[in-house]
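Contents: one structure, followed by commentary.
The values are calculated or read from the model by the stated rules, or taken from the named source; none is laboratory data. Small disclaimer: the values here were computed from a predicted structure and weren't measured. Quick reminder, even Gly has a Cβ in these numbers, built from the backbone with ideal geometry, and neighbours come from all protein chains shown.
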Amino acid sequence: MLQQLLLFLAPYFYLARTGTYALLQNLEAFDVSSVWFGPYFDIKGTYVSGFAVLYMIFIFFTAFLNVISTIPISKKLTLITISIWLIPGFLSVFNIYLIKPDNPEIYHVGTGSIGTIWGIIVNALLCVIFGWSITNILIHIIKSDKKIKPIFDHVWYMIGLSAIIFYVVDLDIKNKKDSYIEAKNYIEHSFSLITQQSKILNSECINTKIYETYPNLCNSIYDIYSYSITYLTKSDTDREYSKKPTIMEISKYSNVNLDSLKIEVADLNDRCKKSKINDLCIPIDWKFMQYDSDLAIGNRSILDLYAFPLYLILKGIDHEWKPYVRYLEKENEYEKIKNIRWVLYIFISTLVGVKLATSTRDLFSAAYKPTFRIHLKSFYYIFFRTLVLLKNVSLNLYSFLAEKFFKLINKIINFQSSLRKKSKNEDA
């Protein structure tokens, strides 16, 4: 018997588990709840299972409301509704078909993921049914759907504006993300070029007499190389909290004169215009050239070669750094917008249930019946009669206990008096 009951409940639990994963993904994004428990994750363990049990209870509660709400509309609809809710259980018991949970292949911890498709569908459908049921019950209690419809229309049309808002928000986020990707590629390309040229320059400083001509550059070139290599291995998160790359930041461990360093780099690049210095002189991308002031006034051409365009690259990084870091700072907020939209859509799903409820009444030509009002009156009558009864019982109990208490006090007083009299007689 117990095994049959478990088989009957299995599909509802699996539906609940499917919806739970999608729900928990949203709670992750809103920092309300998480499967992260310090040293370990509890993704498929007791944490999710516990939520799934609560979710299944909500499914049964919604099913109960759904069945109850159909009673004043049509007995046939009530029977159909009960059958639909029971079908998954019976299919499982008779081993015909078992609904399986849609567990996500990857559970994203602490991000803006909105869950699996089936999980979202389960959540949305449950909200539609809940909204439908509550609306039908309220219509019969207040004995009017004429008030429900205009209220619904006002809310529905106002929510239509959300499409415009989200369109503008999505477009703004897309533009910021495009700028971020462009800036990231520029900065990484920049440091790749710095790494390449600083490695060659470091070798030249060691093996040739270039050190005598460019002492400041040679003294700082290894630090520049190390900085660029380190930067390329950093994640976006590390870069977000790093200082902006500047010549002072890059060469802060080198005891060199920055003004002299700038002059030496400019002189080295100028020599590439006149003659090739070993393998140092290379063409550079036009994106770097746009920051060369000499190019703007005609002192250079786009065909010129550069040995070490450090300052041009740093000007470009300075320009691209702001959109790059700004997007990283706001990325979590942008991810949460998905979940804000999800909350709105769940609310809209409930409103869809409201609309379907009014349409169902028109479809079945449902008349107003006092079913719920009678039961509510009975409930109120029983409730208040119970309160009155409890009040009377408590008063009578209080009176009885107070009377017994005072009698006991009097007996104690009389007993003490008799003891004192007896003691005096003995003394006399």
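The C-beta contact set for segment 241-266 (first residue in the same structural domain as Ser190 (by TED's automatic domain parsing), second residue hydrophobic (A, V, I, L, M, F, W, C) and part of a loop (DSSP other than H, G, I, E, B), distance under 7 angstrom, 6+ apart or interchain) comprises Val265/Phe308.
Looking at Tyr211, Tyr167, just one residue is assigned by TED's automatic domain parsing to the domain that holds Gly353 and of a type in the set (Ser, Thr, Tyr), and that residue is Tyr167.
Kindly indicate whether any position in segment 205-221 is assigned to a helix (DSSP H, G or I), closer than 16 Å to Pro309 by Cβ and in contact (Cβ under 8 Å) with a residue 24 or more places away in the chain. Yes. Restricting segment 51-66 to residues that are without any contact (Cβ under 8 Å) to a residue 40 or more places away in the chain and surrounded by fewer than 17 Cβ atoms within 10 Å (Cβ to Cβ), the residue that is farthest from Gly19 (Cα to Cα) is Phe64. State all residues of segment 34-86 that are at pLDDT 70 or above and among the hydroxyl-bearing types (Ser, Thr, Tyr); if no residue qualifies, say none. Once the filter is applied, which keeps residues that are at pLDDT 70 or above and among the hydroxyl-bearing types (Ser, Thr, Tyr), segment 34-86 yields Tyr47, Ser49, Tyr55, Thr62, Ser69, Thr70, Ser74, Thr78, Thr81, Ser83.
Taking the conditions (1) buried (at least 18 other Cβ atoms within 10 Å of the Cβ); (2) not in a helix (DSSP H, G or I) in turn, Asn299 satisfies each one other than (1). Considered as a group, the residues in segment 243-259 that are of a type in the set (S, T, N, Q) and farther than 25 Å from Lys322 by Cα include one that is modelled with the highest pLDDT, and that residue is Asn257. Among the residues of segment 81-103, are any in the same structural domain as Ala22 (by TED's automatic domain parsing), surrounded by fewer than 14 Cβ atoms within 10 Å (Cβ to Cβ), within 23 Å of the chain's Cα centre (by Cα) and closer than 30 Å to Gln25 by Cβ? No, that holds for no residue. Taking the condition out of contact with any Ser or Thr (no Cβ under 7 Å at 6 or more places or on another chain), assigned by TED's automatic domain parsing to the domain that holds Met248 and under 30 Å from Arg341 (Cα atoms), does Lys199 pass? When the stated conditions are applied, Lys199 does not pass them.
Tallying residues that are of a type outside the set (D, E, K, R) and either assigned to a loop (DSSP other than H, G, I, E, B) or over 19 Å from Phe13 (Cβ atoms) (or both) within segment 81-122 yields 24.
What about Leu232, is it in contact with a Phe, Trp or Tyr (Cβ under 6 Å, 6 or more places away or on another chain), surrounded by fewer than 17 Cβ atoms within 10 Å (Cβ to Cβ) and assigned by TED's automatic domain parsing to the domain that holds Ser203? Answer is yes for this residue.
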